[in-house]
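So the structure is just underneath, and the comments pick up after that.
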Amino acid sequence: MNVRSVFSVRAVERLLAALVLLFVPAACVTEDVPPDTCRGNFDALWQTLDEHYCFFSYKAAEYGLDWQEVRARYLPAISEGMTRAQLFEVLAAMTYELRDGHVNLYAAHDVARYGRWFDDYPMNYSDSLERKYLGRADEYSQAAGLSYRVLDDNVGYVRCVSFSSGFGEGNLAQVMADLALCDGLIVDVRSNGGGQLTYAARLASAFIDERTLGGYMSHKTGSGHADLSTPEPVWLDPFAGLRWQKPVAVLTNRRTYSAANTFVMYMKGLPGVTIVGDRTGGGAGMPFNTELPSGWLVRFSACPMYDRDGQITEMGIDPDVKVDITSEDYARSVDTIIETARRLLRERAAGGVSGS
């Protein structure tokens, strides 16, 4: 497969689609299809990940992951007398060793999902507090997947709950026009679990005035853990309509994940942009699905993405200003993260200061 030396976000998606075709289920393990036995499913899952998961080298350096050791540790738990539920439990636990929310195992009775990247940390988001800031249904505007209003200090507030909820260029143009007179802008992507990179790139395009490097992407070139292509640039093109020129704060928490994590990667370091809140949840690898002999689906990260400095953001992106919602503020129905962003934007608007 020929990969262009420079490609856009849409080209990235075409690349991913091509990769999916390469990894059809029968080719994901070996030329011989493993039997639908407990051992056969164990071997199929371990080997599929061994050959095609993209973060082994990175995670070996980060926390000492040894995939061969993982196999040796879990294999004794496999027996042909175990139930399907017991097999699922063992296989799920093995996937958790990767510490990757993009690695999931889907069965009719359950979905294996690694959640320590957010479960072990403060939520730093509340839908009841969000309703306070957005107001009643007739007090804020809705442009497809974007909800927005002007707060009482003339700061614009845009809530993007998911990048699975599409919004077109017309929607984005309307949001920019309606908030154009605001002194600053908050873009809240807390607890945004991702979706389509197209929408993440579209939203980021409203904050750049020229073609801008968004990051880099690689793909697997072989079955070895380090068999990855040279990272290729991912470029962002500026929005054709009205673009934001004033200070902006992007709000994050540990559940800001996948395509939302990529949006934060695009935004961090841009002039006038400050990331406020908690570290994002990561999920920097673009995933795809394949099937085990049992019919269970496995989803895993196949194409790593890197920020402008060439750093993998799989384990999350640190904010420029770290802040949690305090229990005292929560009791007063105050969102500490939003209020911190409002203060920063007011200060920068008053001082004519841009940048993080």
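The values are calculated or read from the model by the stated rules, or taken from the named source; none is laboratory data. None of these values were measured; they are calculated from a predicted model. We place every Cβ from the backbone using ideal geometry, glycine too, and count neighbours over all the protein chains shown.
When you look at residue 101, is it at pLDDT below 95 and buried (at least 17 other Cβ atoms within 10 Å of the Cβ), yes or no?
Working: at pLDDT below 95: yes; buried (at least 17 other Cβ atoms within 10 Å of the Cβ): yes.
Yes: the conditions hold for residue 101.
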Condition first: within 30 Å of residue 171 (Cα to Cα), loosely packed, with under 15 Cβ neighbours inside 10 Å and not hydroxyl-bearing (Ser, Thr, Tyr). Can you find one or more residues in the range 105-128 that meet it?
yes
Is it the case that the range 245-259 has a residue that's polar (S, T, N, Q), surrounded by fewer than 23 Cβ atoms within 10 Å (Cβ to Cβ) and not in a strand (DSSP E or B)?
yes
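Out of 181, 172, 197, 146, report the one residue that is within 21 Å of residue 262 (Cα to Cα) and surrounded by fewer than 22 Cβ atoms within 10 Å (Cβ to Cβ). Lay out the reasoning, then the answer.
Details: 181 fails: within 21 Å of residue 262 (Cα to Cα); 172 fails: surrounded by fewer than 22 Cβ atoms within 10 Å (Cβ to Cβ); 197 fails: surrounded by fewer than 22 Cβ atoms within 10 Å (Cβ to Cβ).
Checking each option against the conditions leaves just 146.
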Identity of the residue in the range 298-346, free of Cβ contacts under 8 Å to residues at least 60 places away in the same chain and of a type in the set (Asp, Glu), that ends up surrounded by the most Cβ atoms within 10 Å (Cβ to Cβ):
320
Search result, residues across the range 169-227 that are touching an Asp or Glu at 6+ places or on another chain (Cβ under 9 Å), hydrophobic (A, V, I, L, M, F, W, C) and part of a strand (DSSP E or B)
217
If I ask for residues that are part of a loop (DSSP other than H, G, I, E, B), in contact (Cβ under 8 Å) with a residue 40 or more places away in the chain and under 18 Å from the mean Cα position of the chain (by Cα), which ones from the range 97-121 would you list?
98, 99, 100, 101, 102, 103, 121
Could you check, for the range 340-353, whether at least one of its residues is more than 18 Å from residue 121 (Cα to Cα) and assigned to a loop (DSSP other than H, G, I, E, B)?
yes
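For the range 134-155, does any single residue satisfy the condition of being assigned by TED's automatic domain parsing to the domain that holds residue 262, assigned to a helix (DSSP H, G or I) and touching a residue at least 40 places away in the same chain (Cβ under 8 Å)? Give the steps one after another, and end with the answer.
The first filter runs over the range 134-155 and keeps only residues assigned by TED's automatic domain parsing to the domain that holds residue 262, leaving 134-155.
Pick out the ones that are also assigned to a helix (DSSP H, G or I) and you get 134.
Filter once more, keeping what is touching a residue at least 40 places away in the same chain (Cβ under 8 Å): none.
No, that holds for no residue.
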In the range 73-91, anything without any contact (Cβ under 8 Å) to a residue 24 or more places away in the chain and within 31 Å of the chain's Cα centre (by Cα) is listed as 73, 86, 89
